[in-house]
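J.: Let me give you the structure first, and then I'll get to my questions.
The values are calculated or read from the model by the stated rules, or taken from the named source; none is laboratory data. If you're wondering where the values come from, they're calculated on a predicted model, not measured in any experiment. Cβ placement follows ideal geometry from the backbone for every residue including glycine, while neighbour counts extend to all protein chains displayed. The accessibility values were calculated without ligands, DNA or RNA, using every heavy atom of the protein model including side chains. Shrake-Rupley method; radii C 1.70, N 1.55, O 1.52, S 1.80 Å.
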Amino acid sequence: MPVYKVAIRAQLENVTNLQALGDDFQYCIKTRCNSCNEVSEKWQYVSAAEKVDVPKSRGTCNMLIRCKLCNRVNTMDVLSDRKQAYTIDDVPNFKEIIAFECRGLSIASFKFSDGWQCEGAESKTAFTGLSLDEEWCEYDENANCPVGISEVEYKIN
């Protein structure tokens, strides 16, 4: 089964360990059907915590999608064991943060949306529930310094 990896890079100011918050995190993606190349019009959400039964099978998956154009049933699983944090040492390089095992589809786009977390590089102060749709900045009272995340990019391998 093909595995699609999402790698990110960002500028981190006095923070480290940028990652999705918990196993119930909703990854925001657009998918492409491998049969007809139809790309989903709307953003779709997939979580490692949600399981659905695969029709005509004994298995389960994290996302089941029926293509609007060709009517093919495609599935996806979030590979939680491949989840990693993006650290201050990774800047300015890309680093894989999550992978998806796909059957009959591929990932066309990734959106950062809400629910990310990081911690102060020096103070280890937790910053949770971050939205990375745009630049994020705050002040770390414990370390007495500004913190921020900017220039967030992704690529899919």
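J.: Which ³J(HN,Hα) values, rounded to whole Hz and listed in residue order, are derived for segment 40-46 from phi using the Karplus coefficients 6.51, -1.76 and 1.60 in 6.51 cos²θ - 1.76 cosθ + 1.60 with θ = phi - 60°, glycine and proline given as x?
T.: Running phi through 6.51 cos²θ - 1.76 cosθ + 1.60 with θ = phi - 60° gives 4, 6, 9, 5, 10, 10, 10 Hz.
J.: Another question, then. Taking amide H positions as placed in the peptide plane 1.01 Å from N, state which residues far from Glu38 in sequence (5 or more) or on other chains have amide H under 5 Å from it.
T.: Cys33
J.: Placing unit charges on C-beta atoms (Lys and Arg positive, Asp and Glu negative, everything else neutral), compute the dipole magnitude of the chain about its Cα centre in debye, rounded to 20.
T.: Dipole size: approximately 1360 debye.
J.: Related question: Would you work out which of Thr87, Gly104, Gln11 lies farthest towards the positive end of the dipole of segment 1-141, given +1 charges on the beta-carbon of Lys and Arg and -1 on that of Asp and Glu, about the Cα centre?
T.: Gly104
J.: Rounded to a whole number, what % of the accessible area of segment 59-98 do carbon and sulfur atoms account for, probe 1.4 Å?
T.: 47 percent
J.: Can you list the cysteines of the chain that have no other Cys Cβ under 4.7 Å away?
T.: Among the cysteines of the chain, those whose Cβ sits 4.7 Å or more from every other are Cys28, Cys61, Cys102, Cys118, Cys137, Cys145.
J.: Could you sort out which of Lys42/Lys155; Lys56/Lys111; Lys83/Lys111; Lys124/Lys155 sit more than 25 Å apart by Cα distance in this structure?
T.: Lys56/Lys111; Lys124/Lys155
J.: What is the extension gain from Tyr45 to Asp133, computed as 0.36 nm multiplied by their sequence separation minus the C-alpha to C-alpha distance, in nm to one decimal?
T.: Using 0.36 nm per residue and subtracting the Cα-Cα distance, I get 30.1 nm.
J.: Could you report segment 1-103's accessible area per residue, 1.4 Å probe, as an integer in Å²?
T.: 55 Å²
J.: Could you state the principal axis extents of the C-alpha atoms in the chain, from the largest down, to the nearest angstrom?
T.: In descending order, the Cα extents are 57, 27, 23 Å.
J.: Within a Cβ distance under 11 Å of Ala10, other residues only, what is the Lys/Arg minus Asp/Glu net charge?
T.: Once all neighbours under 11 Å are counted, the net charge is -3.
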